[in-house]
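A.B. asks: Below are the structure tokens for one structure; questions will follow.
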Amino acid sequence: MPFLKTSNLVSIERHIVEEGAMHPEATGEFSRLLRDFTLALRIVARDVRRAGLNDILGQTDAVNTHGERVKRLDIHANDVIIRTMERGGHLCVMASEENADLITIPQQLTCGKYVLVFDPLDGSSNIDVNVSIGTIFSIYRRLDEHDTGPGTLADVLQPGFRQVAAGYAMYGSSTQLVYTSGNGVDVFTFDPTIGEFLLTFEKIRIPQRGKIYSVNSGNAYKWPQGMRDYVSHLLRPSDDGLRPYSLRYVGTMVADIHRTLHYGGIFMYPPDSSAPSGKLRLVYEVNPMAFIMEQAGGRATDGHRRVLEVIPESLHQRLPCFMGSVDDVLEVESFLRAANEISG
Ligand code: P6P
């Protein structure tokens, strides 16, 4: 089994304190930061569940930095996270998919030594039809931990291997928080009757190989040849029964990654002729999910480079991504390489 179900009634706060105890130099500031963040997630989870009753579904007239029409719940979730996190004194700067520029800490408030980047409500295209959506996040230390002033763009544009913690909340049949701070991947399920996230799966391990591939096949006509060769290979029955693979694609990264984490296989958003860098954003979508995948024993690349070693050049930079079971990601890389070698 790739994960161990537990019933130790460990809250995420208790888990964070116990993890903190593994770092004697820890001051408790990180634990307090995460406590604030889980409060923001509880509020977003509540409002996502009540959205139909609160009449905050539907679209605004706004268009975000990527030219995508913004759903009202997007804005609400973004505001909740910003307002919950800016006062704790733990952050020097934030960045969000919904904000074109850095989110600075109000000058009357204290700046801390951490950086928070997030996609407040991933999967917004699915909000109105009650399909799972989620919040994706990463936490970094600022470059100069002795600096007490506002954070800078350089503090945000750090390579993914410098993440202190990352994860996602998925607002599905239950609300689950999937989290890593570099010591494996743990899953917490929200119990609304007590208002706590309780540890439900410990140290998730993704299978070495799966039988599911996850990609928007509607873009197939625009894919590079290596990608088309790879998917054709997956669909050709094999004598060992490993193929054909099944296609599963929700269209919410959080949901597709969550399934891949548990069942194995591969999630892909490849480059194509209209989007040479794919669609997903490196800083607050691809990097946190890559950290989770690697911590669960998986692999995450842009087709040839390890995602966590890519140096971000801009806040909303996109990056192609292939992540999931090691054998599946290595296999797609071999098809991409072979096609490139042929095309020269
Ligand atoms: P497409 C949702 O809008 C999102 O950002 C991710 O959650 C998801 O993986 C991707 O876009 C889906 O994009 O082009 O397949 O609709």
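A.B. asks: What number comes out for the charge environment of residue 334, summing +1 per Lys or Arg and -1 per Asp or Glu over other residues with Cβ under 13 Å away?
C.D. replies: -4
A.B. asks: Another question about this same structure. Among 318-327, 331-340, how do they line up by average Cβ neighbours within 10 Å per residue, starting with the highest?
C.D. replies: Working: 318-327: 24.4, 331-340: 17.5.
My ranking of the peptides, most packed first, is 318-327, 331-340.
A.B. asks: Shifting gears a bit: Taking the dipole about the Cα centre of the chain, with the C-beta of Lys and Arg at +1 and of Asp and Glu at -1, give me whichever of 269, 312, 94 is farthest to the positive side.
C.D. replies: Farthest along the dipole direction, towards plus: 269.
A.B. asks: Right, next: Where does helix 253-263 land angle-wise versus the long Cα axis of the chain, in degrees 0 to 90, nearest 10?
C.D. replies: Compared with the principal axis, the helix lies near 70 degrees.
A.B. asks: Would you tally the net charge around residue 301, using a Cβ to Cβ cut-off of less than 10 Å, leaving residue 301 out, and scoring K and R as +1, D and E as -1?
C.D. replies: Taking every Cβ under 10 Å from that of residue 301, the sum is 0.
A.B. asks: Follow-up. Rg and Dmax of the range 212-343, Cα atoms, in Å?
C.D. replies: 13.9, 46
A.B. asks: In whole Å, what is the distance between the alpha-carbon centres of the range 83-148 and the range 219-234?
C.D. replies: Computed from Cα coordinates, the inter-centre distance equals 36 Å.
A.B. asks: List every residue whose amide H lies under 5 Å from the amide H of residue 185, counting only residues 5 or more places away in sequence or on a different chain, with H placed 1.01 Å from N in the peptide plane.
C.D. replies: Result for residue 185 returns 203, 204.
A.B. asks: Report Rg (one decimal) and Dmax (nearest whole number) for the chain, counting Cα atoms only, units Å.
C.D. replies: Expressed in Å, the Cα Rg and Dmax of the chain come to 19.7, 67.
A.B. asks: Still on this structure: Of the accessible area of the range 4-202, with the probe set at 1.4 angstrom, what percent is carbon plus sulfur?
C.D. replies: Carbon and sulfur atoms account for 50 percent of the accessible area of the range 4-202.
A.B. asks: Could you rank 92, 111 by how accessible they are, 1.4 Å probe, largest area first?
C.D. replies: Details: 92 0, 111 25 Å².
Highest to lowest solvent-accessible surface, that is 111, 92.
A.B. asks: Heavy-atom accessible area of residue 292 with all protein chains present, probe 1.4 Å, nearest 10 Å²?
C.D. replies: 0 Å²
A.B. asks: Please give the peptides 280-289, 262-271 ranked by average Cβ packing (other Cβ atoms within 10 Å per residue), highest first, as a rough proxy for protection.
C.D. replies: 280-289, 262-271
A.B. asks: Turning to a different aspect of this structure: Run the count for the chain, please: Lys pairs, Cα-Cα under 22 angstrom, 8 or more apart or on different chains.
C.D. replies: Counting lysine pairs in the chain gives 4.
A.B. asks: Take the alpha carbon gyration tensor of the range 4-202, find the square roots of its eigenvalues, order them as a ≥ b ≥ c, and report rounded if a/c is under 1.5; if not, report prolate when a/b exceeds b/c, else oblate.
C.D. replies: Taking the square roots of the gyration eigenvalues as a ≥ b ≥ c, the range 4-202 is oblate.
A.B. asks: Pull up all non-local amide H partners of residue 70: gap of 5 or more, or a different chain, and H-to-H distance under 5 Å with H placed in the peptide plane.
C.D. replies: Amide H neighbours of residue 70: 60, 62, 63, 64.
A.B. asks: Let me ask something else. Calculated from DSSP H runs of 4 or more alone, at -39500 (n - 2.57) each and per residue, what is the 222 nm mean residue ellipticity of the chain, nearest 500?
C.D. replies: Theoretical 222 nm ellipticity from helices: -9500 deg cm²/dmol.
A.B. asks: For the range 222-252, which trypsin sites (Lys or Arg not before Pro) pass both filters: DSSP loop (anything but H, G, I, E, B) and at most 16 other C-beta atoms within 10 Å?
C.D. replies: Values: sites: 222, 228, 248; in loops: 248.
Taking the range 222-252 and a limit of 16 other Cβ atoms within 10 Å, the loop trypsin sites (Lys or Arg not before Pro) found are 248.
A.B. asks: Right, another one. Which residue fluctuates the most in the chain, going by a Gaussian network model with Cα springs under 10 Å, if the choices are 162, 299, 259?
C.D. replies: Among 162, 299, 259, the largest GNM mean-square fluctuation belongs to 162.
A.B. asks: I've got another one for you. Can you list residues from other chains, or at least 5 along the same chain, whose modelled amide H is less than 5 Å from the amide H of residue 172?
C.D. replies: none
A.B. asks: Mind checking the angle between helix 225-234 and the chain's longest principal axis? C-alpha axes, 0 to 90 degrees, to the nearest 10.
C.D. replies: With rounding to tens, the tilt is 80 degrees.
A.B. asks: To continue, here is another question. What does the charge add up to near residue 174, with Lys and Arg as +1, Asp and Glu as -1, over the other residues with Cβ less than 11 Å from its Cβ?
C.D. replies: 0
A.B. asks: Here's a follow-up. With a probe of 1.4 Å, find how much accessible area the chain has per residue, and write the answer as a whole number in Å². Intermediate values should be presented prior to the final figure.
C.D. replies: On the way: 14700 Å² over 344 residues.
I get 43 Å² per residue for this part.
The values are calculated or read from the model by the stated rules, or taken from the named source; none is laboratory data. All of these numbers come straight from a predicted model, not from anything done at the bench. Quick reminder, even Gly has a Cβ in these numbers, built from the backbone with ideal geometry, and neighbours come from all protein chains shown. Side chains are part of the model used for accessible areas, which takes the heavy atoms of the whole protein and leaves out ligands, DNA and RNA. Shrake-Rupley method; radii C 1.70, N 1.55, O 1.52, S 1.80 Å.
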